[in-house]
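Participant: The following block contains the structure, expressed as structure tokens.
The values are calculated or read from the model by the stated rules, or taken from the named source; none is laboratory data. Note that the structure is predicted; figures quoted are calculated from it, not measured. As a convention, Cβ positions derive from the backbone with ideal geometry for all residues, glycine included, and neighbour counts pool all protein chains shown. Accessible surface is based on the protein model in full, side chains and every heavy atom, while ligands, DNA and RNA are left aside. Shrake-Rupley method; radii C 1.70, N 1.55, O 1.52, S 1.80 Å.
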Amino acid sequence: MWVTNLKIVGVVLGTLALYTLIANEIPQVQSEVPQTLTLGTNVTPEQLVAAGEKVFNGIGGCTTCHGLGTRAPNLLTDETGTGPIGVRCGKREPGKSCKQYLFESLDNPTAYVVPGYQPIMPVMTKQLSPEQVWAVIAFLESQGGTVDVTASDIPSTTSTASSTGGGGGGGGGGLAGGSTDPKAIIQAAGCLACHKLEGQGQVIAPDLTHVGSRRTADSIRKKILDPTSSIAKGYEKLAGIMPKTFGAMMNAAQLEALVQYLAAHK
Amino acid sequence: MADGAVMLLQAAADSTRAYGEFPVIGARAFVWITAEVHLMFAAFVLGVPMFAVVTEAIGIFGGDERYDRLSKEFTRLLLVAYSATAIWGATLVFGLSTLYPRFWAYLTAIFAPSMWVYAGLFFVESFTLYLYYYGWDRWKKGRAKLGHWTLGILLNVWGTVVMFIANSWLTYMMSPPRDITPTTDPTTIKLWHAIANATWMPINVHRVVANVVFGGAIVGAYASYRFLAARTDEERAHYDWMGYVGNFIAMSALIVLPFAGYWLGREIYQYDQSMGITMMGGFMSWLWVIQAFLIAVLFLTGNYYLWIGMGRIPGAERFRPYTKWLLIILVLGAIVWGTPHTMIADSKELAAMGGSHHPLLGALGVMSAKNTAVNLMILTTFLSFLLYRRANTRPVVPWAGTGTMIQGAMFAIAAGIVLFYGIRGYFVEAIVRIGFSVYQVLAVLACIVCVTVIDILMARGAQSLGAIRWGKMPARSQYALFILAVTFTWLMGLMGFARSGIRQYWHVWQVMQDTSKYAATPALGYASKMISLCVLIFLCLVAFVFWLGGLAEKSTFVAPGAGDEGGGRGDRHVGH
Amino acid sequence: MNWRRYADHPFWQAAALLVAAYVVIVYVVPLFPGSALVPKSVVLQYMATVLVGVLIYVSDNEERWIRFREPIHAALVEPRLRPVRAGLLVAVPALVGLVAYGQVRTTVAAPPNLRSIHPAPPSEITFRGKTITLTGLDNPLRQHPESSAAYAADGKRIYYQNCLPCHGDHLDGQGHYAPGFNPIPANFQDNGTIAQLTESFVFWRVAKGGPGLPREGTPWNSAMPRWEDFLTEREIWSVILFLYDQTGWKPRTWETAGEAGKRKGDD
């Protein structure tokens, strides 16, 4: 009987294995979450490199060929004694700096093909947004070289329909696109859904029109970062309603601008 | 107004913990496995009662005791399977509420009352099941038996309603009514409005039919296991017959399934075109090639089982020469049905083809060709059944010759209509072509119904060419039944992935976004591993359930006559 | 008649069927007019289907199954077939090894990729700063049937000024630049392109071009320019009108609820 049992187990496992094998044989396409990479004007090289590494290993699909194989040059490790890409990129084409060379390889890959390789690389500037492209360049430069990509390299993009959804975003953006205009921050954070300010907004929470006379700048800052730290008289029932997330949504400059703006409302 | 704002802010304040994390395998894998295994058990406990009630009815109205025993044997398995369903369901709920708390809060805010009804019905269903099983021998005769049968029907009603309620939750995730936006406060959504969403009914129908298929397939696998383990010829004969019945029910329901699936697909397209294109042409398009492969396996294996079965029917020799032509149609159909529209090719092949569509074979990859192929495969399978059914009889009614000719003509006309619209589909615009598939389906269904009616009339008083020699089946036919059951289960897992995956990175389509680290929808390779794992877990548990069933009571098989003279030394020339 | 003995034997029948199927798929199919070689993945798929069919054929009848196994059994045990057995014992592992080697060998060829020809369109796009909802959108020029001839003439002029080099004189994707592109330009005469699509889809593809393709449309992105940078909305619609007018295809239409209801009533 155990022979029969083994046979049955074999048939079942064999069928499962066959189906799994077939599904793994075909090219694998994963449906990624569309991500808009927003890099502000004051983006640091470290932020660019970090974002570029993500693109390189993820949505860019670079590692399919630029891994350890023979399809394309290795970028992160030594290649025929010339060092990783950051070291050799400036010496590939005469007259082209490292940055120019890397951008050309992504924008027009067939313009210069490293000897010994086939011109099989797709045009990456069509697949990636300018921010992603420059982040990748910064990442590649960081592999043994110095990063000289700055925010001014990234062409300002008009927002197109292809960039749907917020989806987190990266870098040090902050509310309202990083703007330090307090009115824009108040607008974007939705403060007026509860607070009243200069005659606008709801009356659920304390009126902020004269908040500067009641609280110091330090107290306002503390209140925004940790809303339960102090509760205005008469509003005890509503304690905990104000979201604790505003501190994480703003960058320091924005928070400071907002605090000073409110503190000036005496 | 102010209340609404407070609510919104409350929700925002609560959002600090949106996702939990499960050790080692991760939150998504945990929910995936529990949901899938729960669903498989749920399909089992919904499909098998349908099977049980139908067989009990055959037993009552046809007077064949065997069917009644068969029905009871399966209800016994239900008791254990039922608690397995509940355990996995509870695990799923705990998983959802701890790993996806924000999403779970959203869903409960809308669906809370239906969840209470769900729990209540679950109670009622359990008690009906206990009454049904434990009352079996008490209410065995006359009116009481009919009452007992009614209990079985009630059991199915409760089960179906429970399933419909659960379906409303998941179809809401797929197709929330269009007036609901990300800012809609969930507590303001009317319950019925959320339940009666675009894909609810199509999913309901699709799942009911699929559960029948699934129930039949599992019964077939159970029977084939007992067949292989049988020690006497009589026992073998009993389980051979049971396997045949299971396979028959599974295959008959399978024939209807593509039509239900077609309706669902159509509703998805109507609801959201880009969702439809993601499903059929986007990153999921290859899933349908795999599905086509699985369905081809089902058709070929199902027919194979019937053809081998003809070996045990006296008189079947007459039809033997025809099976190879049926096989040729099925293989050609499988080839067309599996031809991808966008082919996998390397750069050299792409250059030769001038794109990823083959200039000649690409024509086989479009809807017209596929509909034609699958309709012809359905007709062929039906013809196999017909030959099988008629194998050991010779009709004696005076119009037998004419009747057979009419049947033949019906097949020819149906095949002609299918081919005509299939070819014509290449020359008309898309909206007309979609309509053509309805004509093809109607032609096939009409042919099946009419031919069956004629066949039943013609079989009256037919002369027998000898009894079917139940049990005289080679072992490989039983392995075919196993392959059928595994394939059905795997296909169910795959379709579950398709249904759930087309939402992509949304918990609720375009209303609530998945912002966890598992938001990306995995590729087919990863999905297939998960599906195989779920199927394996399910099959192991089902094997355990079957083993328990055997432990509690001896099989329902009762040897005819007083003693079982065969004893342990059953004639084992069949098999191995 | 020795060959007849083989022709009647299921084992040799099976072998002959497999060889014949391979010859047809690999050598005969490309010979048809307008055909091309069959990609390896598809050959494999077809051969697997045929193999399953053949196995079913030889085993669905007990007698045939026994006869089928005779030669296999004989090759494994009969003393006189010793050389055959030895040959098989060498050939089969060698074949498996060869296949395994072919699978793991690194090559310079780009890995096969799936490129979706008609990826899912967004539900709305921004055309020069103006938001256009694609869902349910029809060609606005069709609202004036009386002047459609004029619009089509307009479209024809624009087509010949802009699209001709790639999409060709016959609208068949055979323009003189076409051979240089991968993927090749769309053939509008084929029933698989504009005949399958709504006009709003065509508008999206024309307006956003290759750069506007979503990820499924990669890696060999189409060289189609973003025509929104060169043409006005109305010009694009007239070209689309011209395409359908000239090829005789009807655009795929949106199924309205009323229509669906009517059709259900008809059935």
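Participant: From Cα coordinates alone, what are the radius of gyration and Dmax values for segment C:2-104 in angstrom?
Facilitator: Rg and Dmax of segment C:2-104, Cα atoms, are 16.7, 52 Å.
Participant: Further question on the same structure: Given a Förster distance of 22 Å, report the FRET efficiency between C:Val43 and A:Lys7 from their Cβ-Cβ distance, rounded to the nearest 0.05.
Facilitator: About 0.10, to the nearest 0.05.
Participant: With +1 assigned to the C-beta of every Lys and Arg and -1 to the C-beta of every Asp and Glu, and no other charges, what is the dipole magnitude of chain B about the Cα centre in debye, to the nearest 20?
Facilitator: It comes to approximately 1160 debye.
Participant: Here is a follow-up. Simple spin-label model, 7 Å along Cα-to-Cβ: C:Asp229 to B:Thr108 in nm?
Facilitator: 5.3
Participant: Moving to a separate point now. Quick one: what are the phi-derived ³J(HN,Hα) couplings along segment B:249-259, Karplus 6.51/-1.76/1.60 with θ = phi - 60°, whole Hz, x for glycine and proline?
Facilitator: Once rounded to whole Hz, the list reads 5, 4, 5, 4, 5, 4, 4, 7, 4, x, 5.
Participant: Using only Cα atoms, tell me the angle between helix B:65-99 and the longest principal axis of chain B; keep it within 0 to 90° and round to the nearest 10.
Facilitator: 10
Participant: On to the next question. Pairs to check: C:Lys130/C:Lys156; A:Lys183/A:Lys223; B:Lys72/B:Lys472. Give those whose C-alpha atoms are more than 21 Å from each other in this structure. Please report the intermediate quantities before stating the final value.
Facilitator: Numbers: C:Lys130/C:Lys156 26 Å; A:Lys183/A:Lys223 19 Å; B:Lys72/B:Lys472 25 Å.
Beyond 21 Å: C:Lys130/C:Lys156; B:Lys72/B:Lys472.
Participant: Here is a further query. Once phi is turned into θ = phi - 60°, what whole-Hz ³J(HN,Hα) does the Karplus curve with 6.51, -1.76 and 1.60 give for every residue of segment B:131-137, x standing for Gly and Pro?
Facilitator: Working through the residues one at a time gives 4, 4, 6, 6, x, 4, 7 Hz.
Participant: Taking a spot 7 Å from the Cα of C:Val84 along the direction of its beta carbon, which residues of segment C:55-69 have an amide N less than 18 Å from it?
Facilitator: Only C:65-69 pass the distance filter.
Participant: Considering only protein heavy atoms, with the full assembly of protein chains and a 1.4 angstrom probe, order C:His170, B:His357 by accessible area, largest first. Please list the in-between numbers first.
Facilitator: Details: C:His170 125, B:His357 50 Å².
Ranking C:His170, B:His357 by accessible area, largest first, yields C:His170, B:His357.
Participant: To continue, here is another question. Under the 0.36 nm per residue contour assumption, what length would be gained going from the current alpha-carbon distance of A:Asp153 and A:Asp218 to full extension?
Facilitator: 19.6 nm
Participant: Nearest 10 degrees is fine. How inclined is helix C:62-77 to the longest principal axis of chain C, computing both from alpha carbons?
Facilitator: Tilt relative to chain C: about 60 degrees.
Participant: If you don't mind, another one. Rg over Rh of chain B, using C-alpha atoms and the Kirkwood radius, what does it come to?
Facilitator: Reported Rg/Rh (Cα atoms, Kirkwood Rh): 0.99.
Participant: Okay, moving on. Could you work out how much longer the chain between C:Leu98 and C:Lys130 gets when fully extended? Use 0.36 nm per residue separation minus the Cα distance between them, nm to one decimal.
Facilitator: Working: separation 32, 0.36 × 32 = 11.52 nm, distance 5.88 nm.
Stretched fully, the C:Leu98-C:Lys130 segment lengthens by 5.6 nm.
Participant: Based on DSSP H runs of at least 4 residues, each adding -39500 (n - 2.57), what is the mean residue ellipticity at 222 nm of the protein assembly as shown after dividing by all its residues, to the nearest 500 deg cm²/dmol?
Facilitator: Rounded to the nearest 500, the figure is -19500 deg cm²/dmol.
Participant: In chain C, once you exclude exposed trypsin sites (Lys or Arg not before Pro) (DSSP loop, at most 11 other Cβ within 10 angstrom), what's the longest stretch remaining?
Facilitator: Longest site-free region, per DSSP loop and neighbour criteria: C:129-267.
Participant: Something else: If one takes the longest principal axis of the Cα atoms in chain C, at what angle in degrees, from 0 to 90 and to the nearest 10, does the Cα axis of helix C:257-266 lie?
Facilitator: For C:257-266 against chain C, the angle is about 50 degrees.
Participant: I need the calculated FRET efficiency for the pair B:Ser83 and C:Ile72, taking r as the beta carbon distance and R₀ as 45 Å, to the nearest 0.05.
Facilitator: Working: r = 48 Å, r/R0 = 1.08.
Result of the calculation: an efficiency of 0.40.
Participant: Mind checking the dipole of the protein assembly as shown: about its Cα centre, +1 per Lys or Arg Cβ, -1 per Asp or Glu Cβ, Debye to the nearest 20?
Facilitator: In total the dipole reaches around 2220 debye.
Participant: Something else about it: Mind giving me the nanometre distance, one decimal, between the label points for C:Tyr27 and B:Lys190, set 7 Å out from Cα along Cα→Cβ?
Facilitator: In this crude spin-label approximation the distance works out to 7.1 nm.
Participant: Going by amide H atoms built from the backbone, whose H comes under 5 Å of the H on C:Phe127, apart from near neighbours?
Facilitator: C:Ile132
Participant: Can you find, among B:Leu361, B:Trp200, B:Cys447, the residue sitting farthest towards the positive end of the charge dipole of chain B, where Lys and Arg contribute +1 and Asp and Glu -1 at Cβ?
Facilitator: Highest projection toward the positive end goes to B:Cys447.
Participant: How much accessible surface area, in Å² rounded to 10, belongs to the heavy atoms of A:Glu93 with a 1.4 Å probe?
Facilitator: Its heavy atoms expose roughly 30 Å² to the probe.
Participant: Using a simple charge model, +1 on the beta-carbon of Lys and Arg, -1 on the beta-carbon of Asp and Glu, nothing else, what dipole does segment A:45-153 show about its Cα centre, in debye to the nearest 20?
Facilitator: Roughly 280 debye for segment A:45-153.
Participant: Provide the gained length on full extension for the span B:Ile25 to B:Trp399, in nm with one decimal, where the gain is 0.36 nm per separating residue minus the Cα-Cα distance.
Facilitator: 128.0 nm
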